[in-house]
1. Can you pull out the residues in region 27-63 that are among the polar types (S, T, N, Q) and either in contact with a Cys (Cβ under 9 Å, 6 or more places away or on another chain) or modelled with pLDDT under 85 (or both)?
2. Does any residue of region 13-26 turn out to be exposed (fewer than 10 other Cβ atoms within 10 Å of the Cβ), touching a strand residue (DSSP E or B) at 6+ places or on another chain (Cβ under 7 Å) and modelled with pLDDT under 80?
3. Pairs only if they're at least six apart or on different chains, beta carbon under 6 angstrom, first in region 12-39 and farther than 29 Å from Thr56 by Cβ, second modelled with pLDDT under 85 and surrounded by 10 or more Cβ atoms within 10 Å (Cβ to Cβ); list them, first residue then second.
Amino acid sequence: MGTDARGEGMQKIRIEQHTFMGTAWFAAWLFTIGYLHLTFWKAVFAIVIWPYYLGTNFGSGTH
């Protein structure tokens, strides 16, 4: 570990990027909107309750 100008120890900073998972989530969300034929406001609301829309669709047996 290095030292700063005052001779004190410096902390290592770790930067993580989660770009891939964010992109995959967004792509899956767009797919869900198209697959379930959601209206605009239902699609916006689906951000919060995405599993509910999938469950009601697949649970009823109709596609």
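The values are calculated or read from the model by the stated rules, or taken from the named source; none is laboratory data. Computed from a prediction, not measured in an experiment: that's the story for all the values here. Positions of Cβ are generated from backbone atoms using ideal geometry, with glycine treated the same way; all protein chains shown enter the neighbour counts.
1. Just the residues of region 27-63 that are among the polar types (S, T, N, Q), to begin with: 32, 39, 56-57, 60, 62.
Once the filter is applied, which keeps residues that are among the polar types (S, T, N, Q) and either in contact with a Cys (Cβ under 9 Å, 6 or more places away or on another chain) or modelled with pLDDT under 85 (or both), region 27-63 yields Thr32, Thr56, Asn57, Ser60, Thr62.
2. Our first condition is that a residue be exposed (fewer than 10 other Cβ atoms within 10 Å of the Cβ); within region 13-26, this holds for 13-21.
Right, trim to touching a strand residue (DSSP E or B) at 6+ places or on another chain (Cβ under 7 Å) and you get none.
So far as region 13-26 goes, no, none of its residues is exposed (fewer than 10 other Cβ atoms within 10 Å of the Cβ), touching a strand residue (DSSP E or B) at 6+ places or on another chain (Cβ under 7 Å) and modelled with pLDDT under 80.
3. Within 6 Å, no pair qualifies.
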